[in-house]
Every structure is written in C-alpha cells, then in structure tokens.
1. So, of the residues in region 111-144 that are in a helix (DSSP H, G or I) and either of a type in the set (S, T, N, Q) or without any contact (Cβ under 8 Å) to a residue 60 or more places away in the chain (or both), which turns out to be nearest to L189 (Cα to Cα)?
2. Please state which one of D131, D191 is of a type in the set (D, E, K, R) and in contact with a strand residue (DSSP E or B) (Cβ under 6 Å, 6 or more places away or on another chain).
3. Scan region 31-45 and report the pairs whose first residue is part of a helix (DSSP H, G or I) and whose second residue is modelled with pLDDT of 95 or more and of a type in the set (D, E), with Cβ atoms within less than 7 Å and a gap of 6+ or a chain change.
4. Identify the single condition in (1) touching an Asp or Glu at 6+ places or on another chain (Cβ under 9 Å); (2) at positive phi that G125 does not satisfy, given that it satisfies every other one.
5. Given the criterion closer than 25 Å to S23 by Cβ and in a helix (DSSP H, G or I), identify the matching residue among E161, E211, E174.
6. Between N65, N87, which is farther than 30 Å from D131 by Cα, surrounded by fewer than 19 Cβ atoms within 10 Å (Cβ to Cβ) and not hydrophobic (A, V, I, L, M, F, W, C)?
7. Of all residues being surrounded by fewer than 19 Cβ atoms within 10 Å (Cβ to Cβ) and touching a helix residue (DSSP H, G or I) at 6+ places or on another chain (Cβ under 6 Å) in region 70-82, which is nearest to V29 (Cα to Cα)? Just the residue, please.
8. Can you confirm whether S152 is touching a strand residue (DSSP E or B) at 6+ places or on another chain (Cβ under 8 Å) and farther than 24 Å from H91 by Cβ?
Amino acid sequence: MLKVGLTGGIASGKSAIGDVFVSLGAHLVKADDIAHHLMRPGMPVYAEVVRQFGIEILNPDKTINRAKLAQAAFGGPDTSPRIQELNRIVHPAVLRAQEEWMENIGRSDPNSIAVVEAALILEAGARHQFDRLIVVTCQPQQRAERLAARLSISTEAARREVERRMAAQLSDEEKISSADYVIDNSGTLADSQKRAQEIFADLQRDLQSRENSRQGRADGNS
C-alpha cells in the first residue's frame, strides 16, 4: 500500500482533487471528518474541548457549534487566538485515527493507494505518516471567492476569514518545499483534474515498483 497525504490551505480545492483520486480507485479519508467524529458528545476529545473552551461553544443539543469554536480558536478583534491550544487537543487523536485507518486499508486492500486529505499535515508534524505528499495551491483571490461561495458570505468577509485561517498555517511556499507533487489549482478544473490523473498514474507506478521490490526480496529469501 502507498500512503499519500493530500494537503493545502483553506479553499485551495483539496476536496476536488481528492474526488479525482477516488474516481481513479484510491481510498480516501478526510481529517475534518475524523475530527468531527472525535468531537461528538461522549468522546474524550469532545470533553476536553468543552473543558478548555467552555459551554459557550455548545449548541442547545450539547453538540459543538463549529463556528463558535472557530471564533474562540482563531480569535477576533478583542480576543487572542487559541488555535494552538485547540490543536494540542485534537491533533494527536486525529493522527492516531488516520494511522489506524491506513492500517485497516493496508490489511483489507494491500495493493492500494490510501489518501488522507488534511489541511495541517505539516503543521501537525505528520509528514512521516506518508510515503508521498501532494500540495494543492491557488491564488488568494480564488480562495476568497471559493470560500464565499461555500459559506454564502461576501467575498470581503471570506477574504478576512482566509487571512485569519492562513495565519495559523504554514505558507504555500513552505508546504511546497516538503511536497513530492504540487497541483496548482488556479486554472480550470479540467487542468487540475488532468494534473491529478498524471500524479495518480505516477503513484501507481511507484506502488508497483515497491511491490516488485518486495517480491524480489521474498524470492531471494526463499
């Protein structure tokens, strides 16, 4: 199995690229989905987040209001950011769950490509979990426009949110310096899909090469 990390800043288009990989036969999990699961009532991460950030972040049904949590974590005009505090609670549990997911995929489909889509792979110190790292990038204005469309907010409000979120992440340049592959998602969707297809074909060749080497070692020891 080949373990692949798929990362990039907010609204860079990671999910669209992930969809391409899935259509080509990859297994994929999203770190956001893992985090959502871990922050359900009754989970240890939920309890610790509420203990640290207070019941003010809860909805009436006791679930975590993600917008309120984001406001508390990233801060505002009158509050200091606490994103590192939140990350210290959530990241270790997410990383363990990612590793467990990849191990399960490896057992059920050993000749597969397993992709973890996560914005903070490098920030969480998780590069070592992956054989290959793919970074998705785009222009700042495109991030704002995409986020505005996703959240149904003004472009200016989206721009401020992008700036707030990106301030807590490594820059695209820093991410790219650690990447095996880069997808510039500033152009058309068709261009990005073509690049993703090219990368996936390369990953498949990599996987086959590893399998051939493994088989050669097994034959040599027999």
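1. Filtering first and then ranking leaves Q142.
2. That would be D131, the only listed residue that is of a type in the set (D, E, K, R) and in contact with a strand residue (DSSP E or B) (Cβ under 6 Å, 6 or more places away or on another chain).
3. Between residues of region 31-45 that are part of a helix (DSSP H, G or I) and residues that are modelled with pLDDT of 95 or more and of a type in the set (D, E), the close pairs are A31/E117.
4. (1)
5. The unique qualifying residue is E211.
6. That would be N65, the only listed residue that is farther than 30 Å from D131 by Cα, surrounded by fewer than 19 Cβ atoms within 10 Å (Cβ to Cβ) and not hydrophobic (A, V, I, L, M, F, W, C).
7. F74
8. no
The values are calculated or read from the model by the stated rules, or taken from the named source; none is laboratory data. These numbers were taken from a predicted model, which means no experiment stands behind them. With ideal geometry, Cβ positions are generated from the backbone for all residues, glycine too; neighbour counts draw on all protein chains shown.
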